[in-house]
Amino acid sequence: MLFDVLEDLKRRGHSVRIQPGLSGQSSADVAVLHVDATTTPADYLDYARSFPLCLNVGAADISKRRVSGALLAKGNGWLGPVIVKSNLNNQGIPETRLNRRSRRAGQPAPFAHVPAMPSYEVYQSRDDVPDGVLDRDDLVVEKFIPEKEPDGFAVRFWVFCGERERCTRYVSPNSMVKASETIRREPAAVPDELRERRRELGFDYGKFDFVMHEGRAILLDANKTPGRPQNLVKMFAAGASDLADGFEGLIRRAR
């Protein structure tokens with residue numbers, strides 16, 4: 001998604017450079033810390049802080065234990081369905097991809113201890129979860145609380161950059177709601193408690209997935225490097241200009 005925003009900034013006259021890895025001090029006025037990994041390595045954080053302004057430098061950890069509002073702790077009296085997920089973002093797929101790329105280049109794997117992650121599994125109750133799962137550091141158990149609809153399930157996706165944003169409620173026939181598999185979508189409001197959570201997590205740019213449950217906003221996932229579904233490319237690209245306005249607003253505010 002960020003690449004659409006950068007293209008719009010180029011059309012506005014900004015000079016943009018994509019810089020993989022660490023390569024010494026840059027003369028750039030503003031940077032975006034865009035590391036596609038659950039936890040950003042310390043050397044990248046140090047490098048990011050060398051810029052006059054770096055977006056998302058505060059969002060270094062997006063693990064489920066850090067961001068999820070649906071975590072099920074031992075002793076919790078929840079009697080409904082639960083879902084078992086990787087503690088890593090996107091099942092650890094980004095870390096696995098980076099490890100593979102490094103090995104091909106003859107370099108050590110940056111996330112050498114990432115285990116193979118199972119697919120997300122939904123269980124009717126916590127009692128149905130296999131023994132030992134609650135004790136594993138690499139997995140989390142969450143309350144399974146999508147917003148139920150007569151024809152499916154709903155989740156809300158909030159995309160933002162600075163003060164610019166869009167929030168959309170997606171309805172899917174599948175209990176695991178993905179924007180690419182929805183049957184309808186509609187604008188949705190952003191609850192104040194979610195805005196506060198964004199400040200706590202240090203996000204300037206990104207996407208939050210959340211549901212409304214018993215009148216409360218429950219954050220399920222926070223992503224600092226959001227993508228865009230192939231079947232919604234035009235819709236996402238159309239919103240890039242608004243996010244670019246938010247980017248420029250952050251620059252003006254920092255001056």
**Study point:** Helix axis angle, 192-201 relative to the chain longest principal axis, alpha carbon, degrees
**Key:** 60
Point to revise | Nearest-20 debye value, the chain charge dipole, Cβ charges on Lys, Arg, Asp, Glu | key: 700
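Report the extension gain between E163 and I18 in nm, rounded to one decimal, defined as 0.36 nm multiplied by the number of residues separating them, less their alpha carbon distance. Display every interim value, and only then the final one.
Working: separation 145, 0.36 × 145 = 52.20 nm, distance 2.37 nm.
Once the chain is fully extended between E163 and I18, it gains 49.8 nm.
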Review point. Between E7 and A105, what length comes free when the chain is fully extended (0.36 nm per residue of separation minus the Cα-Cα distance, one decimal in nm)?
Key: 32.4 nm
Revision key, fill the gap. So the angle from the long Cα axis of helix 240-254 to the longest Cα principal axis of the chain, reported in degrees to the nearest 10, equals 70
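In the chain, what % of DSSP beta bridges are antiparallel (nearest 5)?
Counting only bridges with both partners in the chain, antiparallel ones make up about 95 percent.
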**Study point:** Accessible solvent surface per residue of the chain, calculated while the other protein chains remain in place, 1.4 angstrom probe, Å²
**Key:** 54
Exercise for review: Determine the share of the chain's accessible area contributed by carbon and sulfur atoms, expressed in whole percent, with a 1.4 angstrom probe.
Suggested key: 48
Check your understanding: Relative to the longest principal axis of the chain, what angle (0 to 90°, nearest 10) does the C-alpha long axis of helix 93-104 take?
Key -> 50
Exercise for review: Give the shape of the range 79-153 as rounded, prolate or oblate, defined through the alpha-carbon gyration tensor: a ≥ b ≥ c are the square roots of its eigenvalues, a/c under 1.5 means rounded, and otherwise the shape is prolate if a/b is larger than b/c and oblate if not.
Suggested key: oblate
Check your understanding: Hey, what did the range 98-224 get for relative contact order, percent, Cα under 8 Å, at least 6 apart?
Key -> 17
**Study point:** For the range 19-133, alpha-carbon Rg relative to the globular expectation (2.2 N^0.38 Å, N residues)
**Key:** 1.36
Exercise for review: For the range 168-235, just say rounded, prolate or oblate: build the C-alpha gyration tensor, square-root its eigenvalues into a ≥ b ≥ c, call rounded for a/c under 1.5, and beyond that prolate if a/b exceeds b/c, oblate if not.
Suggested key: oblate
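Within the range 59-130, list the chymotrypsin sites (Phe, Trp or Tyr not before Pro) lying in a DSSP loop whose Cβ has at most 16 other Cβ atoms in a 10 Å radius.
Passing both the DSSP loop test and the Cβ count: W78, Y120.
The values are calculated or read from the model by the stated rules, or taken from the named source; none is laboratory data. In this text, all values refer to a predicted model and were calculated from it rather than measured experimentally. Ideal geometry is used to build each Cβ from the backbone, glycine not excepted, and the neighbour counts take in all protein chains shown. We work out accessible area using only protein heavy atoms, side chains counted, and drop any ligands, DNA or RNA first. Shrake-Rupley method; radii C 1.70, N 1.55, O 1.52, S 1.80 Å.
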